[in-house]
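Below is one structure; the comments refer to it alone.
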Amino acid sequence: MTVVDAHTHAFAPEQLATRSAICARDPAFAEIYGDPKAALATPAHLLTVMAAEDVDRAVVVGFAFAHADDLALQNAALCAAAEENAGRLLPLVSVNPQLPEWKETAVALLERGARGFGELRPHNQGWDPLGPHGHALCDVAEAHGAILLWHVSEPLGHAYPGKAGGIEPIELYALAASHPRVPMIAAHMGGGLAIHLQMPEIRAALPGLYFDTAAFSLLYDDSSVARLVGLAGVGRVLFGSDYPLLSPRRQVQRIRALLGDEVAQAVCGDNAVTLFSDADDR
Ligand SMILES: [Zn+2]
């Protein structure tokens, strides 16, 4: 089956080499990657794992750095890797809409082949997703057919590094409902947002919302993926590993065992192929 990993992370090689210096200037990066045991990967590492673990394509996302130089270095590495490996990597680059000229930067990245923006962490960067920056980002996405991937965390449950700082489920609902033409991916099973899709007006308000399974096995019980498929619909759930936190193969095997081959084929590949090829037409 075609396997698309819809949530992976990679950084420029220079960023792996200068990790402690980045931690010193970027508190959000330090919270997640300050522990030297927290894995960091380059696009080359990701491509090696994809080849070894039968992953055909991967959505590779950026980090919500505070500073323009850190954003630029990572975004350039992701776009270059995508150019060199045509079709295998789908970059969602990172921007900080509080920086001057962020919009020009964002558009230039889309013209270079970025497919959208992620992993968005507005509260880490200090902007209100429901304020002018959030709406401006959605307007850029709509104008260019870009996809937005948001770090969503459940308001309850155990803490983990990086849990807070993304977007709250209720904020994502309000933003997605205001921009129904912008496809958005709610990472980490959407932090519980999917349960509200049982209310017809909520479902109707979110025609462009998808959910990924990144790191679900560290957060939720095994039945959660089938429940999410039931709540959101089989076409709205995307397999994501959160590589290098978890390796893709075991997650794919787990999802196949939990959902059966037919549904797993949609979740682990077909849905992402459709979402990203539709994005070509927007
Ligand atoms: Zn995340």
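Computed from the coordinates by the stated procedures, all read-outs in this text should not be read as laboratory data. All figures in this text were calculated on a predicted structure; none of them were measured in a lab. Quick reminder, even Gly has a Cβ in these numbers, built from the backbone with ideal geometry, and neighbours come from all protein chains shown.
Observations
- Qualifying residue in the stretch 220-238 (condition: out of contact with any Asp or Glu (no Cβ under 6 Å at 6 or more places or on another chain), within 16 Å of the ligand (Cβ to nearest atom) and within 22 Å of Leu137 (Cβ to Cβ)): no
Residue by residue, here is whether (1) in a helix (DSSP H, G or I); (2) loosely packed, with under 14 Cβ neighbours inside 10 Å; (3) within 18 Å of the chain's Cα centre (by Cα) holds:
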residue	(1), (2), (3)
Ala194	yes, no, yes
Arg203	yes, no, no
Asp222	no, yes, no
Arg227	yes, no, no
Leu245	no, no, yes
Gln251	yes, no, yes
Val273	yes, no, yes
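- Residue list for the stretch 133-160, filter: under 16 Å from the mean Cα position of the chain (by Cα) and within 14 Å of the ligand (Cβ to nearest atom): Leu148, Leu149, Trp150, His151, Val152, Ser153, Glu154
- Residues that are farther than 18 Å from Arg88 by Cα and of a type in the set (D, E, K, R), drawn from the stretch 237-282: Arg250, Arg254, Arg256, Asp261, Glu262, Asp281, Arg282
- Within the stretch 178-192, considering residues that are more than 16 Å from the ligand (Cβ to nearest atom) and crowded, with 16+ Cβ neighbours inside 10 Å, the one nearest to Gly131 (Cα to Cα): His179
- Selection of the stretch 1-39 for residues being away from the ligand (no atom under 16 Å from the Cβ), in a loop (DSSP other than H, G, I, E, B), under 24 Å from Gly116 (Cβ atoms) and hydrophobic (A, V, I, L, M, F, W, C) yields Val3, Ala12.
- Among the numbered conditions (1) buried (at least 22 other Cβ atoms within 10 Å of the Cβ); (2) out of contact with any helix residue (DSSP H, G or I) (no Cβ under 9 Å at 6 or more places or on another chain), the only one that Leu238 does not meet is (2).
- For the stretch 101-128, a residue qualifies if it is more than 19 Å from Ala214 (Cβ to Cβ) and within 16 Å of the ligand (Cβ to nearest atom), and exactly one does: Gln125.
- Within the stretch 205-219, the only residue that satisfies the criterion of being surrounded by fewer than 16 Cβ atoms within 10 Å (Cβ to Cβ) and more than 16 Å from the ligand (Cβ to nearest atom) is Pro207.
- Subset of the stretch 161-177 that is in contact (Cβ under 8 Å) with a residue 40 or more places away in the chain and surrounded by fewer than 24 Cβ atoms within 10 Å (Cβ to Cβ) - its residue that is nearest to the ligand (Cβ to nearest atom): Gly162
- Complete set of residues in the stretch 158-171 that are outside any helix (DSSP H, G or I), closer than 20 Å to Ala6 by Cα and of a type outside the set (D, E, K, R): Gly162, Gly166, Ile167
- Index of the failed condition, Leu130 passing every other in (1) under 15 Å from the mean Cα position of the chain (by Cα); (2) within 24 Å of Leu175 (Cβ to Cβ): (1)
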